[in-house]
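The values are calculated or read from the model by the stated rules, or taken from the named source; none is laboratory data. Bear in mind that the values here come from a model prediction, so they are computed numbers and not experimental data. All Cβ positions, even for glycine, are placed from backbone atoms using ideal geometry, and neighbour counts span all protein chains on display. Each accessible area value is taken on the protein alone, full model and side chains, heavy atoms only, with ligands, DNA and RNA left out. Shrake-Rupley method; radii C 1.70, N 1.55, O 1.52, S 1.80 Å.
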Amino acid sequence: MIYLENVSYTYPFQSKEALSSVSFELKPGEAVLFTGKSGCGKSTLVRVINGLAPHYYKGRLEGKVSVNGSDSLSRGIHDIAKDVGTLFQDPENQFFALNVEDEMAFAHECRGVSSENIRRIISKMVERFSLGKVIHSKIFDLSEGEKQKVALASVISLKPGVILLDEPSANLDPCATKELAYLLGGLKKEGFAIVIVDHRLYWLSGLVDRVYILEHGKIVKSGAFSILDDEKVRKKYGLRKIGIDPLKKELSKTDRFFAKGYKVDGMTFAYNGNCQALFDNVTLKLPFGEVIAVVGDNGTGKTTFAKLVTGLLKMSAGHIFLNNRIIPRKKLLEKTGIVLQNADHQLYMKTVEEELIIAAGHLAKGIRKEKAENIMDFFGLRELAGRHPQSLSGGQKQRLVIACGLIKEPDILILDEPTSGLDGVNMKIISDMMKSLAAQGKCVLVISHDLELINMACGYRICFPLS
Amino acid sequence: MRVLSGNDLTKYSTGLRCRLDARTKMVICLAASVAVIPLKGIIPLSILLLASTIYALFHIRIRIIFVCWSAVLLMGATALLCLKIMTVFWPEIGKVDIFIFFVPFFRVAVLVNVILPLALSSHIQDILTSLKSFCLPLFIYLPGVVMVRFIPSFINDIKLISESLKIRGYRINPVAFSLHPIRTTRLLFVPMVVRALRASDELSVAAELKGIGYAGEMTFYRTNKFSYPDYIAGVTAILLLFASFLFEYKDAILS
């Protein structure tokens, strides 16, 4: 189905190869995993297989890439897409239409399929993927798990033969991840060839037949999934764990143990137009000196909760107390810090150092630079001080936006999915940073589906939905 | 901009506003844009301005129209101020007919009145289907579709950028622009440009993988249908355009 022989690929204007002498073969009904540190060439491999490299990204490709018996270099992307379906990390990026039904129809319309046949195909997919409830929904209204399912249904409806999945579990909660693994298992049995590229490994043990570890664009180790059992191998290549320990205990509302911290009292909130409140008279404590995981399914209000605690959204009733004093909403943003998911929206300046100095605007001018330097040391960003923030890698950007949130010296720092798409090494850096902040007496709330991070860093968890 | 960001339109689905087909709104837009180019007279332009204002009021909230008109008025007032300053230093310019001066702004106001209803009261999916149903060549249709699809992603990005600025405590207001013009411009535009580039790249990749540039003929899963309000709107638009041109060229016609 897929055959790669000595494939090397170099992006335009780059001297270093992104992929170097990669060879592998995949037959129908097989599933393989490619993993490795961030920047090891996993996404480039996906682009080489689906033809985006070199047809869209240009660059230089050497070696032989063959899909379904045809040489990819001699085919256009549309033609390769008949054999290869791709599922991106953020499925929203691959949606072209704005509602589910139209999205599922779109690729068929482009291929000239009659409207009767499209209707038939869609109804089959709706039945198979249980999409009946969301078929007329807007794409933006779906949960991450539903988006992933719609994207997968759209891909499968084209009967591609090969399915490529780039970090499919990065935005999914554990339930949705389990469901995805189940769906992929079914597709594998039907004869689909499946290529998965992912950092998170715990959900793949029963699914993949072979594992390839990439480093600097080369396959450095391959074998059955059991090669990942060896902790030395995982440590050497910066990989994550293959199993997940049970989650830490839940933060109790009545816990008297915590002397200092924030108290959310009687929080009530509903979005405009929704008669049902998302939070109804919620009371809980957020203690200082702890890293607390905020867990729960997609769409249960975790990010909304963070925005209410930081004053970005206004509660319809309730207050936030610090040491028995109510903090007005306008003061909340000064005392709290929140780092949202997409780092691109949060970086503005010419250099990493300038970004931190500007973020330290509340401090006296004389000490801003010194503070920025200390924070850079803490986050391992010192060597990148002169780099443009938008030119950094995903993990480096993530550390920089957290550093910018931290330089404000907030009492509570809230991180929304800080390790989405990060490898084991970067995840550990972020985990160590959170623990260190808690040791300094801060409260760190981490909204995450990353069970490995939660187990590594968090002492308690708050489960959503909050009653 | 709720409609452009793909939000639910059900609240607006009754009445004339959503009953007009997206194609009708597009054609009205196109006809008005072309018609205002040769028109210069106060009566013909006033006819179009009045008619387009009524059309806009049927489709969007008066507050939105008011904000847009205020922006046009501000542009006009700024231009007039600049002109007055110029006449002080360069008296040869002479006295300017105030109506002639404001003709371009009349045209802009008409365009605002016809474009806003298309942008703010149509489902993007309808616009996409309409573009397809016009059977335009691929080199016109493809960029058109990508542009239309780009709008909700871009608006979503702007929302996130403004939220991020608020979190960091950066204020984007006239005072900030006056005190730190370069920094404030950078805060606003750097993430916007970066996100716009990324979003357009992502959409192009999605389009390629879906086979949007496939050489074969496309089919239509949905088809839009005209109804009687479309015919009424179409006929009214033709009559109004005819009347405007009649007033503009009545001297030439009578002689």
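Some values worked out for this structure:
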| read-out | value |
| --- | --- |
| Test: residue in the range B:174-194 that is in the same structural domain as B:Lys159 (by TED's automatic domain parsing), in contact (Cβ under 8 Å) with a residue 12 or more places away in the chain and either under 30 Å from A:Ile156 (Cα atoms) or touching a strand residue (DSSP E or B) at 6+ places or on another chain (Cβ under 8 Å) (or both) | no |
| Count of residues meeting criterion [among the charged types (D, E, K, R) and modelled with pLDDT of 80 or more] in the range B:216-250 | 3 |
| When residues of the range B:127-147 are limited to those that are buried (at least 18 other Cβ atoms within 10 Å of the Cβ) and not polar (S, T, N, Q), the one nearest to B:Arg61 (Cα to Cα) | B:Ile127 |
| Check on B:Leu209, within 14 Å of another protein chain (Cβ to nearest Cβ) and either modelled with pLDDT of 90 or more or in a helix (DSSP H, G or I) (or both) | yes |
| Selection status of A:Leu340, of a type in the set (A, V, I, L, M) and facing another protein chain (nearest Cβ under 9 Å) | yes |
| Unmet criterion (only one of (1) surrounded by fewer than 18 Cβ atoms within 10 Å (Cβ to Cβ); (2) within 14 Å of another protein chain (Cβ to nearest Cβ); (3) under 23 Å from A:Ser448 (Cβ atoms)) for A:His345 | (1) |
| Test: residue in the range B:43-58 that is modelled with pLDDT under 80 and open to solvent by 20 Å² or more (accessible area, probe 1.4 Å) | no |
| Spans of helices (runs of 4 or more DSSP H) in the range B:17-96 with at least 3 residues without any contact (Cβ under 8 Å) to a residue 60 or more places away in the chain | B:42-59, B:62-89 |
| Residues being free of Cβ contacts under 8 Å to residues at least 40 places away in the same chain and of a type outside the set (Ser, Thr, Tyr) - total across the range A:128-145 | 8 |
| Strands (runs of 3 or more DSSP E) contained entirely in the range A:134-227, each with at least 2 residues that are more than 24 Å from A:Thr303 (Cβ to Cβ) and open to solvent by less than 20 Å² (accessible area, probe 1.4 Å) | A:162-166, A:193-197, A:210-215 |
| Every pair of residues 6+ apart whose Cβ atoms lie under 9 Å, when the first sits in the range A:328-354 and is assigned to a loop (DSSP other than H, G, I, E, B) while the second is among the hydroxyl-bearing types (Ser, Thr, Tyr) and open to solvent by 10 Å² or more (accessible area, probe 1.4 Å) | A:Leu340/A:Thr303; A:Gln341/A:Thr303; A:Gln341/A:Ser420; A:Tyr348/B:Tyr170 |
| Residue in the range B:160-179 that is at the interface with chain A (Cβ under 7 Å from one of its Cβ atoms), of a type in the set (S, T, N, Q) and surrounded by 13 or more Cβ atoms within 10 Å (Cβ to Cβ) present | yes |
| Hey, B:Asn156 outside the structural domain of B:Glu208 (by TED's automatic domain parsing), of a type outside the set (Lys, Arg) and either at pLDDT below 85 or over 30 Å from A:Gly361 (Cα atoms) (or both) or not | no |
| Any hit, the range A:79-96, residues being of a type outside the set (Gly, Ala, Ser), under 27 Å from the mean Cα position of the chain (by Cα), open to solvent by less than 10 Å² (accessible area, probe 1.4 Å) and farther than 30 Å from B:Lys132 by Cβ | no |
